[in-house]
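The values are calculated or read from the model by the stated rules, or taken from the named source; none is laboratory data. Everything numeric in this text was worked out from a predicted model, so none of it was measured. Virtual Cβ from ideal backbone geometry, glycine too; neighbours counted across all protein chains shown. The protein model used for the area step is the full one, side chains on, heavy atoms only, and it has no ligands, DNA or RNA in it. Shrake-Rupley method; radii C 1.70, N 1.55, O 1.52, S 1.80 Å.
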Amino acid sequence: MNPEQYVQQKAAASGSSFYYAFLFLPKERRAAITAFYAFCREIDDVVDEVTDPGVAHSKLAWWQAEVDKSFAGTPSHPVMKALMPLAAPYRIEARHLLAVIEGCQMDLAQNRYLDFPGLTRYCHLVAGIVGEVAARIFGQTDEATTAYAHKLGLAFQLTNIIRDVGEDAMRGRIYLPVNELQQFDVKAHEILKRQYSERFTALMQFQTQRALSIYDEALALLPDADRRAQKPGLMMASIYRTLLREIAADGYQVLHQRVSLTPLRKFWLAWKTQAFGRVV
């Protein structure tokens with residue numbers, strides 16, 4: 001298996017909504033975003049799949065060294081071998097990849113966030129930076145698009161947090177800010193034990209409304225000059241906002257299951273955005 005086949009398999013196997021947006025890109029841009037996304041999956045998998053924190057720290061340290069070596073011209077991992085030829089054309093920098101690793105290191109160091117500003121810092125590293133790189137690959141021409149990409153990345157990560165409350169609790173993590181749990185009188189042990197309540201529903205409604213507002217803020221920041229080039233991001237926004245509405249319509253039953261859209265529905269939403277240029 002060559003590096004290009006490796007990253008393609010890694011991206012497709014994730015089943016992520018992002019994959020559907022990649023399908024509409026020209027070949028070289030699709031290769032770049034696929035390789036970058038595969039890198040993000042590799043880093044994320046260290047945190048999610050390695051149970052020993054010491055081993056996870058060692059693996060992330062290895063990746064930091066691999067990034068440095070790759071930008072010095074000697075990549076060894078298939079992901080970096082696939083990504084490096086495309087880094088310069090799409091302005092992908094070592095700092096971008098190292099920021100993603102730093103965000104995942106935060107997962108090993110803490111499993112609670114006291115307030116929303118603290119959570120936002122984490123989201124910046126694991127999602128805002130990802131949005132910045134993606135915008136460059138998609139064809140950014142206006143510097144103002146970076147602010148849009150960061151804000152949209154925040155909205156995506158907040159959606160993931162809402163969707164994955166139950167899965168994260170199984171790993172001992174609660175990303176919902178502590179002061180907001182207190183505001184709605186939801187106890188951490190209730191989430192860890194996956195106990196529903198009207199208080200939990202009110203908390204999740206609050207989280208969802210904030211995320212939807214951030215989508216609106218992000219879309220308002222997108223310059224007209226880059227609207228066509230950034231269609232893949234708009235496709236993802238359409239899929240993720242629809243997912244949020246599904247979660248709300250289902251009564252926030254996220255503690256014992258992962259609410260998701262079917263592959264066909266994701267493709268349909270992506271196609272509609274591609275065809276009409278609007279986020280539903």
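Some points to look at:
- In a simple Cβ point-charge model (Lys, Arg +1; Asp, Glu -1; nothing else charged), the chain has a dipole of about 720 debye relative to its Cα centre.
- Per-selection metrics, the chain (Cα): Rg and Dmax in Å: 18.4, 56
- Cut-off 13 Å between beta-carbons: net charge of the residues surrounding ALA11, Lys and Arg +1, Asp and Glu -1: -1
- Principal axis analysis of the Cα atoms in region 19-172 yields extents of 40, 33, 25 Å, listed in decreasing size.
- Stretchable slack from ALA220 to GLU4, in nm (0.36 nm times residue separation minus alpha-carbon distance): 74.2 nm
- Cα pair distances of region 218-280 binned at 10 Å [whole percent]: 22, 44, 25, 8, 0
- Based on DSSP H segments of at least four residues, each scored -39500 (n - 2.57), the chain has a per-residue ellipticity at 222 nm of -22000 deg cm²/dmol.
- Take every pair of alpha-carbon atoms less than 8 Å apart whose residues are at least six positions apart; their mean separation over the length of the chain yields a relative contact order of 19 percent.
- VAL46 accessible area, assembled protein chains, probe 1.4 Å, Å²: 10 Å²
- Choice from PHE267, PHE39, PHE18 showing the highest fluctuation, given a GNM over the chain with Cα pairs closer than 10 Å: PHE267
- Think of a 1.4 Å ball rolled over the protein heavy atoms: the chain then has 44 Å² of accessible area per residue.
- Fraction in percent of alpha-carbon pairs per bin - 5 Å, region 134-280: 2, 10, 18, 20, 17, 12, 10, 7, 3, 0
- Formal net charge of residues neighbouring PRO232 (Cβ-Cβ distance under 10 Å; K, R +1; D, E -1): +3
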